[in-house]
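Inspection log for the structure reproduced underneath, given as structure tokens.
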């Protein structure tokens, strides 16, 4: 109902508000005739194309009557027409000429003019053409507005959820996306922080610009600076050619800095300057380079706690958290699980069908009993874990629908820290038994403690891998480097999902 009222008001405004017309004509007689014919409208005149271009920028003209003879030959006139349409896309241009030729009229209308008027036309005809141009412009603006609403709805539609928490989150994103403010997205791993960042970009004013995503924990500090800000040729060993850097790649668009809480103090200083000055200085370069980039950052860490411990700059935190967005974990919005499950299965089914080139056997539905089991689980891995579970269940099921028994092997009924049937490794580990009577008899204290440490370390790494399903993310959770976790996975015989490998 409110939208219908808005349209009624919009139509009324079109009918009743005063209209503004700009006449671009050096002949006072032509200007006077236009004034007489358009009585009741606000008519303004300029005598040169340069003055017309200056006047239409940011001014509320509905129609421009443009005399092409001011531009010289036909090509120059069409060039001026194109510039008028570029600097004032909401203004309708009507050619206003003494003797327009048919060929020029056709070319002008192809270039964006709505109509062609002879200066000697009857006053009623002039008014009729201008009225039609005004209505055309109003309709074009309404179509553009509605198209924008559709684009915004489509962008937000990528985020699935109808719970009260998600409705609040969507409302926040809708407001934030329209601005150009820096955004800090905070949430656990697997909650969809990058999806939110992409949505903010897609429905915001920079949607036609690039979106560049980067994981700040992926590189050492010395390489991170060059990756973000670029470097000159020969700036360091191995820099055989200059590189623009991700900030310049994102110019005019959005850069998404994931895991922002992991960046080194030296890079924090330089990032703060970028946010303050809106310019970067490439490694090895002498001059700063201006940039026009929206920054969206994300973290699964408590940055305020890092600030309190002196591990993160407070001034950088406030620069990043102009608009903080907290993403709720899946366990706090379990009422969204049925919608999420349907969305994930439909997407995977479509991908499987596309890959197979025919109607692929991939379940697209799930029973109520299976959904109930999904809603009872705590979901430490959030939506990423839900996607993993549904993918495995789809492989295990033997029909077009995932049933409760298809989840039996996935450990969803097991509380965290308890053992599943079959004795598989879990998030709780038994330390090796120490025979105090034989201590020092063939096995020293160091050997015993080393064995206990290895047992705990292997169990902790396996648990982190099972939870994250990604060695790099598991390494961040454990506070070790990616190189370390891969070395230990090899030493302990662990796969990327935490299961033993030969």
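Scanning region 439-485 for residues being in a helix (DSSP H, G or I), within 42 Å of the chain's Cα centre (by Cα) and surrounded by fewer than 15 Cβ atoms within 10 Å (Cβ to Cβ) gives a total of 3. Annotation: residue 306 fulfils all but one of (1) surrounded by 15 or more Cβ atoms within 10 Å (Cβ to Cβ); (2) modelled with pLDDT under 90; (3) over 23 Å from the mean Cα position of the chain (by Cα); the unmet one is (2).
If we scan region 15-36, do we find a residue that is at pLDDT below 85 and part of a helix (DSSP H, G or I)? Yes, region 15-36 contains a residue that is at pLDDT below 85 and part of a helix (DSSP H, G or I). The set of residues in region 292-317 that are free of Cβ contacts under 8 Å to residues at least 12 places away in the same chain, over 23 Å from residue 192 (Cα atoms) and part of a helix (DSSP H, G or I) comprises 307, 308, 314.
Report yes if residue 374 is within 30 Å of residue 271 (Cα to Cα) and modelled with pLDDT of 90 or more, otherwise no. It is false that residue 374 is within 30 Å of residue 271 (Cα to Cα) and modelled with pLDDT of 90 or more. Taking the conditions exactly as written (in the same structural domain as residue 202 (by TED's automatic domain parsing) and farther than 19 Å from residue 295 by Cβ), does residue 233 satisfy them or not? Yes; evaluated as a whole, the condition is true for this residue.
Out of the residues in region 170-218 meeting the condition of being closer than 30 Å to residue 388 by Cα and free of Cβ contacts under 8 Å to residues at least 24 places away in the same chain, tell me which one is surrounded by the fewest Cβ atoms within 10 Å (Cβ to Cβ). Filtering first and then ranking leaves 171. Residue count for region 274-290 under the criterion of being under 16 Å from residue 226 (Cβ atoms) and not in a loop (DSSP other than H, G, I, E, B): the result is 4.
Please state which of the following conditions residue 264 fails to meet, knowing it meets all the rest: (1) under 22 Å from the mean Cα position of the chain (by Cα); (2) farther than 17 Å from residue 281 by Cα. For residue 264, the exception is condition (1). Here region 323-366 is the region considered, the condition is being at pLDDT 90 or above and assigned to a loop (DSSP other than H, G, I, E, B), and the residue that is farthest from the chain's Cα centre (by Cα) is 333. For region 106-120, what are the residues that are assigned to a helix (DSSP H, G or I) and either crowded, with 17+ Cβ neighbours inside 10 Å or not assigned by TED's automatic domain parsing to the domain that holds residue 38 (or both)? Matches in region 106-120: 108 only. The sole residue among 230, 240, 234, 245 that is within 18 Å of residue 283 (Cα to Cα), loosely packed, with under 15 Cβ neighbours inside 10 Å and either touching a helix residue (DSSP H, G or I) at 6+ places or on another chain (Cβ under 7 Å) or free of Cβ contacts under 8 Å to residues at least 12 places away in the same chain (or both) is 240.
Entry remark, region 78-105: residues being in a helix (DSSP H, G or I), free of Cβ contacts under 8 Å to residues at least 24 places away in the same chain and in contact with a strand residue (DSSP E or B) (Cβ under 8 Å, 6 or more places away or on another chain) number 1 in total. Just one of the listed residues (319, 403) is at pLDDT 90 or above and either farther than 30 Å from residue 172 by Cβ or surrounded by 14 or more Cβ atoms within 10 Å (Cβ to Cβ) (or both), namely 319.
Could you check how many residues of region 82-103 are at pLDDT below 85 and surrounded by 19 or more Cβ atoms within 10 Å (Cβ to Cβ)? Counting residues in region 82-103 that are at pLDDT below 85 and surrounded by 19 or more Cβ atoms within 10 Å (Cβ to Cβ) gives 3.
Among the residues of region 486-502, those that are surrounded by fewer than 18 Cβ atoms within 10 Å (Cβ to Cβ) and within 23 Å of residue 389 (Cβ to Cβ) comprise 495, 496, 497, 499, 500, 501.
The values are calculated or read from the model by the stated rules, or taken from the named source; none is laboratory data. Computed from a predicted structure; not experimentally measured. Positions of Cβ are backbone-derived with ideal geometry, glycine not excepted, and every protein chain shown enters the neighbour counts.
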